[in-house]
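Enquirer: This is the structure, below, for whatever I ask next.
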Amino acid sequence: MSQPVKIAIAGANGRMGRAVAQALEGRSDAVVAARFERPGVAGEGLVARETALAAAEAVIDFTLPEASVALAEEAAANGGPALVIGSTGFSDEQLARIDAAAQQIVIVRSGNYSLGVNMLMGLVRQAAAALPAQDWDIEVFEAHHKRKIDAPSGTALMLGEAAAEGRGVNLAEVSDRGRDGVTGPRKEGDIGFSVVRGGGIIGEHSVIFAGESESLTLSHSAIDRGLFARGAIAAAVWVKGKPPGLYDMQDVLGFKK
């Protein structure tokens, strides 16, 4: 039997860091090798970032974009470990820096580590390809807890990208991410985004295909934050032995050919 993958947890004291630690309990294929927080934060069981990187084969990171970029660049400069990044809200410049780091190490980056959401992406892509833009408007709806700092969510943007791919268009050219005041009629072919922030909502995502006489809604609800942790652990186990490069959850689940 192969040895369990040694995993370090970034942002170990955060909600997702704690969820990852809990999801690792009792597993035979993966084990906690180290827990760390941002530089300067101390606590019981925490180690410095460089110590965690040296101890781990993979790091699971649900923190903030700037922290994820710094982590990726440090790992790349030292030849590893692999990274599983679940942070969202990256700028184009930050994504370019992660892409550069992925030339040296294995990085899995996904806006959502749920199996259900990744299945939803495939369904959205198929529906968008089958339903013509002149007859069907697409709206991506998402709702999260009041503490989430980026909008639309990374998952909503993934779903928007899936819809755009299905229609063979560039999301940046058809995205409608803000409506206020007298906006005029909806532009044909636009992919809209609607956002709710409130309470303790873990994650609600729907893609609405709206026609003149009927509508189709494809949706996913997160009931337990642990589902994202379990998906990230699956990604951390999957990366073992993979060549350097940038991957996503579609790769991990074998949805890409």
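The values are calculated or read from the model by the stated rules, or taken from the named source; none is laboratory data. These figures come from a predicted structure and were not determined experimentally. When we count neighbours, we look across all protein chains shown, and the Cβ atoms used for this are built from the backbone with ideal geometry, even at glycine. What goes into the accessible areas is simple: the full protein's heavy atoms, side chains included, and nothing from ligands, DNA or RNA. Shrake-Rupley method; radii C 1.70, N 1.55, O 1.52, S 1.80 Å.
Enquirer: Could you give me the radius of gyration and the Dmax of the chain, taking only the C-alpha atoms into account and expressing both in angstrom?
Expert: 19.2, 64
Enquirer: When the accessible area of the stretch 66-196 is computed with all protein chains present and a 1.4 Å probe, what percentage of it is carbon and sulfur? Mind dumping the intermediate values first?
Expert: Working: 3010 of 6070 Å².
It is 50 percent, rounded to a whole number.
Enquirer: Can you give the Rg/Rh ratio of the stretch 60-184, where Rg is from the C-alpha atoms and Rh is the Kirkwood radius?
Expert: My calculation of the ratio gives 1.02.
Enquirer: If you wrap a convex hull around the C-alpha atoms of the stretch 27-73 and split its volume per residue, what is the figure in Å³?
Expert: Spelled out: Cα convex hull of the stretch 27-73, divided by residues, is 91 Å³.
Enquirer: While we're on this one: What nm distance separates the two modelled labels at Glu44 and Ala70, each placed 7 Å from Cα along Cα→Cβ?
Expert: Spacing of the two 7 Å Cα→Cβ label points: 2.6 nm.
Enquirer: Report the Cα centroid-to-centroid distance between the stretch 213-257 and the stretch 49-70 in angstrom, as an integer.
Expert: The distance from the Cα centre of the stretch 213-257 to that of the stretch 49-70 comes to 19 Å.
Enquirer: Right, another one. Can you give the relative contact order of the stretch 30-100 as a percent, counting alpha carbon pairs under 8 Å and 6+ residues apart?
Expert: Reported as a whole number, the value is 28 percent.
Enquirer: Another question, then. How big is the Cα convex hull of the stretch 174-218 in projection, averaged over all directions, in nm²?
Expert: With every direction weighted equally, the projected area is 4.5 nm².
Enquirer: Can you give the accessible area of Glu139, probe radius 1.4 Å, in Å² rounded to 10?
Expert: Answer for Glu139: close to 30 Å² accessible.
Enquirer: Please report the antiparallel percentage of DSSP beta bridges with both residues in the chain, rounded to the nearest 5.
Expert: Details: 14 of 44 bridges.
Of all bridge pairs located within the chain, approximately 30 percent are antiparallel.
Enquirer: Sticking with this one: What is the projected area of the convex hull of the Cα atoms of the stretch 149-257, averaged over all directions, in nm²?
Expert: So the mean shadow area of the Cα hull is 9.9 nm².
Enquirer: Okay, next question. Using only the Cα atoms of the stretch 1-97, what are the Rg and Dmax in Å?
Expert: 13.0, 42
Enquirer: Can you tell me the dipole magnitude for the chain around its Cα centre, using point charges on the Cβ only (Lys, Arg +1; Asp, Glu -1), in Debye to the nearest 20?
Expert: Taking the Cα centre of the chain as origin, the dipole is about 800 debye.
Enquirer: How much accessible area does Thr217 have with a 1.4 Å probe, in Å² rounded to the nearest 10?
Expert: 80 Å²
Enquirer: Cut-off 10 angstrom, C-alpha nodes, Gaussian network model of the chain. Which of Gly111, Gly245, Gly17 fluctuates the most?
Expert: Of the options given, Gly245 has the highest mean-square fluctuation.
Enquirer: Per DSSP H run of n ≥ 4, the term is -39500 (n - 2.57); total these for the chain, divide by its residue number, and report the mean residue ellipticity at 222 nm rounded to 500 deg cm²/dmol.
Expert: -10500 deg cm²/dmol, from helical runs alone.
Enquirer: Considering only C-alpha atoms, what is the centroid distance from the stretch 148-193 to the stretch 74-127, in Å?
Expert: Cα centres, the stretch 148-193 to the stretch 74-127: 20 Å.
Enquirer: Using only alpha carbon pairs under 8 Å that are at least six residues apart, calculate the relative contact order of the chain and give it in whole percent.
Expert: About 22 percent, as a whole number.
Enquirer: What percent does the relative contact order of the stretch 114-257 come to when contacts are Cα pairs within less than 8 Å and at least six residues apart?
Expert: Relative contact order here is 32 percent.
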